[in-house]
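Everything on this sheet refers to the single structure shown next.
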There are 2 protein chains.
Amino acid sequence: MEISITKTTTPKQKPADESKLGFGQYYTDHMFIMNYDEGEGWHNPRIVPYGPFELDPAAMVLHYAQEIFEGMKAYRTADGSIQLFRPDKNMARMNVSCDRLCIPKIDEEFAIKAIKTLVEVDKDWVPSLDGTSLYIRPYIFATDAQVGVHPAKHLTFAIILSPVGAYYPQGIAPVKIFVEQKYVRAVIGGTGFTKAGANYAISLKGQEEAAEQGYVQTLWLDGVERKYVEEVGSMNVFFKIDGEVVTPALVGSILGGITRMSIIELLQSKGYKVSERRLSIDELVEAFKAGKLEEAWGTGTAAVISPIGELKYGDLVMPVNNGEIGEVTHMLYDTLTGIQWGKIKDEFGWTVKID
Amino acid sequence: MEISITKTTTPKQKPADESKLGFGQYYTDHMFIMNYDEGEGWHNPRIVPYGPFELDPAAMVLHYAQEIFEGMKAYRTADGSIQLFRPDKNMARMNVSCDRLCIPKIDEEFAIKAIKTLVEVDKDWVPSLDGTSLYIRPYIFATDAQVGVHPAKHLTFAIILSPVGAYYPQGIAPVKIFVEQKYVRAVIGGTGFTKAGANYAISLKGQEEAAEQGYVQTLWLDGVERKYVEEVGSMNVFFKIDGEVVTPALVGSILGGITRMSIIELLQSKGYKVSERRLSIDELVEAFKAGKLEEAWGTGTAAVISPIGELKYGDLVMPVNNGEIGEVTHMLYDTLTGIQWGKIKDEFGWTVKID
């Protein structure tokens, strides 16, 4: 399929101060859209000026949340070029989400081409200040104007772009995490392994109550036994316990993060032992009490690495590494961001140049 | 608050044949809208011509499914008047959903007033053929143009109306149900007790696979032990076992249906014993094998009562009452639909007249 391009005649003012971009505050001049209609498949791929969707009030996405998304970034390197990070993994995961949510699959290679073309059209929006990037949001939602519950026959695939600031403008710093015992994010048999909008709606309340208590994120436990660690906020989570790096195995309720995957490969390439296994909150408490809970961090596209400085489990407050960023955590952050922004040679073949 | 009314200048053609309305195929001339903005609360309630919403591509509802809904009906009675069924219960439940999904609560009485006013404006759309009704869909969705995950600060409350056909145009008939063992609809700690769009997105896949095997709906089991009966399709479920009427207790993962509540009250008023308790699939199998699984039915706004004629659990096919509608099931259907359409005196004070 050819992607038609209609350029805006009224380009927006770009944000003047790249140190104040924040996250998701600004959107670029253009967006990619493609439609699915039963009988026609995915068709009419086009880049058009960024602007509102007209949705029928009965549109299924507004009622039954048949919607999925992906998140990735374009990075400006020192030589001024722009690169993506493992876009093939994001698009493969998008199809995993499609399958679970009864959404017709997309052509992964074509979707990568659409991303590249859109970023190329809006390349002047890719910021260059240290730590900044262009956040890329591909997503699909159901548009059937029909309040009956059924898999949609009409959907929209869109990609929007947002220049975003450094996640740690004051330098990477550990955060305090609340271990959630009341609310559950996902359960085996559900959609926790996908990027369904549903998972995020379900997680809002726990996050809100943790925030009220002064905690930045929640540590989610499994929905069956309510004791196995699953994710932190909307990130995957890693712990270094007595020299072993542990991250929860992908049992069906946990998102297979691209950053998670990359961190595991990075650690293994450096000779670290990484265990993907079940990890109970009790094991974490015991490790803490024995002085063996050495480091903890979240991984995700937005933060890349988010060091955990404290875990609160009921009345027990567990500082990790005296609330400071650990050695492995820091190495991972420096290495992965180094590869992403082109400061370190990419030995893995993870980065993909635009142009 | 005053509800402003702007009438359409281009009324639609009403569906000519009330025997072919189907469900959710037609929408009336008007809709109700009210906005929430942080600092202002819910404001600007208005009835306007039915027409599309303009949504920013970054609108939260398209990404994180922060959305809830309700479903209810307006019924045309023999004397030509129009009545609602327990609208206070729907609006109370809407606020339960709001709370769980971090959505600012609505004024329940005002919302009922909005429903009544809108139905009054579009009263000529309430069909009068036997078994037809006007489906009422109140819903709320998040509109913040921001791809950060957070509870929305901007939301839209809307009500749309759809004239719908008789659920059983050929007369009430039992359906075949597939007992779902692979997928889970909801788990305690999640949003299963609310009408979050998320629950419906999560349930699509199980429904689709059941349909591929020739089954109309799935019987959902609990997400923890995967053996306790929870719901059927998007309905509550009842069984008559050895004279006892049993329905799953509202443990936190099951929707508290208004029809469910009414059926329990109706049965109790007639001297039936109703047990709200945990009910395992094993108990159902044993009852079936002992010849004590006497009747089974789903309850919900759309169907009111949906008799179950067969359950398939793995390789075991369990006909219920020889695949025919049971005596209690039929009595409940006749009584409740009788009250809703004003054919039977409402001894319970459930119906509310419009005007």
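Taking every alpha carbon pair in the range B:175-340, what does the distance histogram look like in 10 angstrom bins from 0, in percent?
11, 43, 37, 9, 0
From the alpha carbon gyration tensor of the protein assembly as shown, can you work out the equivalent ellipsoid semi-axes (sqrt of 5 times each eigenvalue) and give them in Å, largest to smallest? Before the final figure, lay out each step's value.
Working: eigenvalues 414, 196, 98 Å².
For the protein assembly as shown, the ellipsoid semi-axes come out as 46, 31, 22 Å.
If you fit an axis through the alpha-carbon atoms of helix B:327-340 and take the longest principal axis of the Cα set of chain B, what angle between them do you get, 0 to 90°, nearest 10?
Its long axis makes an angle of about 20 degrees.
Starting from the Cα coordinates of the range B:4-164, work out the convex hull volume and express it per residue in Å³.
Numbers: hull volume 19.2 nm³, N = 161.
Expressed per residue, the convex hull around the Cα atoms of the range B:4-164 is 119 Å³.
My understanding is that a pair violates if its Cα-Cα distance is over 24 Å; which of A:LYS195/B:LYS195; B:LYS89/B:LYS176; A:LYS195/A:LYS292 do that in this structure? Please list the in-between numbers first.
Details: A:LYS195/B:LYS195 20 Å; B:LYS89/B:LYS176 30 Å; A:LYS195/A:LYS292 33 Å.
B:LYS89/B:LYS176; A:LYS195/A:LYS292, as the Cα separations exceed 24 Å there.
Between the helical axis of B:108-121 and the dominant principal axis of chain B, each derived from Cα atoms, what acute angle in degrees is found, rounded to the nearest 10?
80 degrees
Going through the cross-link list B:LYS7/B:LYS73; A:LYS205/B:LYS270; B:LYS312/B:LYS353; A:LYS205/A:LYS240, which pairs have a Cα-Cα distance over 31 Å in this structure? Show your work: numbers first, answer last.
Details: B:LYS7/B:LYS73 22 Å; A:LYS205/B:LYS270 41 Å; B:LYS312/B:LYS353 42 Å; A:LYS205/A:LYS240 29 Å.
Checking Cα-Cα distances, A:LYS205/B:LYS270; B:LYS312/B:LYS353 exceed 31 Å.
Could you give log10 I(q)/I(0) at q = 0.14, 0.22, 0.26, 0.27 Å⁻¹ for the range A:27-103, computed by the Debye formula over C-alpha point scatterers of equal weight, without solvent?
-0.68, -1.39, -1.40, -1.38
State in Å² the accessible area per residue of the protein assembly as shown; use a 1.4 Å probe, count heavy atoms of protein chains only, and round to the nearest integer.
Using a 1.4 Å probe on heavy atoms only, each residue of the protein assembly as shown averages 37 Å².
If I build a Gaussian network model for chain A, linking alpha-carbon pairs within less than 10 angstrom, which residue out of A:LYS14, A:LYS73, A:LYS240 has the largest mean-square fluctuation?
A:LYS14
Roughly speaking, what is the centre-to-centre gap between the range B:121-190 and the range A:25-73 when only Cα atoms are used, to the nearest Å?
Their Cα centres are 22 Å away from one another.
Kirkwood Rh, the range B:108-238, all Cα pairs: how many Å?
17.9 Å
For the pair A and B, how large is the buried accessible area, both sides, in square angstrom to the nearest 100, if the probe is 1.4 Å? Mind dumping the intermediate values first?
Values: alone 15690 and 15690 Å², together 26440 Å².
In total, this chain pair buries about 4900 Å².
Could you name the lysines in cross-link range of A:LYS12, using Cα to Cα under 19 Å and dropping any fewer than eight places away on the same chain?
Excluding near neighbours in sequence, the set is A:LYS20, A:LYS123.
Rank these by accessible area, largest first, 1.4 Å probe: A:ILE308, A:ILE325. Mind dumping the intermediate values first?
Details: A:ILE308 5, A:ILE325 40 Å².
The most accessible residue leads, giving A:ILE325, A:ILE308.
Using alpha carbons only, how many degrees (0 to 90, rounded to 10) separate the axis of helix A:87-100 from the longest principal axis of chain A?
90 degrees
Just counting partner chain Cβ atoms within 10 Å, what average do the residues of peptide B:201-214 show around their Cβ? Please list the in-between numbers first.
Details: counts 21, 15, 5, 14, 7, 2, 4, 3, 1, 0, 2, 0, 0, 0.
Mean number of neighbouring Cβ atoms from other chains: 5.
List the residues, sorted by chain then number, that are 5 or more residues from B:LYS312 or on another chain and whose placed amide H is less than 5 Å from its amide H.
When sequence neighbours closer than 5 places are left aside, the close amide H contacts are B:ILE177, B:PHE178, B:VAL179, B:MET318.
Within a 10 angstrom radius of each residue's Cβ in B:99-105, how many Cβ atoms of other chains show up on average? Whole number is fine.
On the way: counts 1, 5, 4, 8, 2, 0, 0.
Across B:99-105, the average partner-chain Cβ count within 10 Å equals 3.
Measure out, as a whole number of angstrom, how far apart the alpha-carbon centroids of the range B:311-339 and the range A:232-255 sit.
Cα centroid to Cα centroid, the span is 47 Å.
Lys/Arg Cβ at +1, Asp/Glu Cβ at -1, dipole of the range A:4-164 taken about the Cα centre: which of A:PHE85, A:SER162, A:GLY131 is farthest positive-ward?
Checked the options; the winner is A:GLY131.
If you take the square roots of the eigenvalues of the alpha-carbon gyration tensor of the range B:247-301 and sort them as a ≥ b ≥ c, do you get rounded (a/c under 1.5), prolate (a/b over b/c) or oblate?
On the way: a/c = 2.09, a/b = 1.37, b/c = 1.53.
The shape class here is oblate.
Rounded to the nearest 500, what is the 222 nm mean residue ellipticity of chain B from helices alone, with -39500 (n - 2.57) per DSSP H run of 4+ residues and division by all residues?
Rounded to the nearest 500, it is -7000 deg cm²/dmol.
When the accessible area of chain B is computed with all protein chains present and a 1.4 Å probe, what percentage of it is carbon and sulfur?
Values: 6260 of 13220 Å².
The C+S portion of the solvent-accessible surface of chain B is 47 percent.
For the range A:310-355, with equal point scatterers placed on the C-alpha atoms only and solvent neglected, what are the log10 I(q)/I(0) values from the Debye formula at q = 0.15, 0.22 1/Å, to two decimals?
-0.57, -0.77
Given the C-alpha atoms of chain B, compute the convex hull and give its volume per residue in Å³. Intermediate values should be presented prior to the final figure.
Working: hull volume 50.2 nm³, N = 355.
Given the Cα convex hull of chain B, per-residue volume reads 141 Å³.
Give me a comma-separated list of calculated 3J(HN,Hα) values for the range B:280-295, in order, Karplus coefficients 6.51, -1.76, 1.60 applied at θ = phi - 60°, integers in Hz, x for any Gly or Pro.
Karplus-based 3J(HN,Hα) across the range B:280-295 equals 8, 5, 4, 5, 5, 4, 4, 4, 4, 5, 8, x, 10, 7, 8, 8 Hz.
In nm to one decimal, list the spacings between the B:ALA173 label point and its equivalents in the other copies, with label points set 7 Å along Cα to Cβ, shortest first.
B:ALA173 label point versus its equivalents elsewhere: 6.7 nm.
The values are calculated or read from the model by the stated rules, or taken from the named source; none is laboratory data. Everything numeric in this text was worked out from a predicted model, so none of it was measured. Don't worry about glycine lacking a Cβ; one is built from the backbone with ideal geometry, like all the others, and counts go over all protein chains shown. Keep in mind that these areas ignore ligands, DNA and RNA; they rest on the heavy atoms of the full protein, side chains included. Shrake-Rupley method; radii C 1.70, N 1.55, O 1.52, S 1.80 Å.
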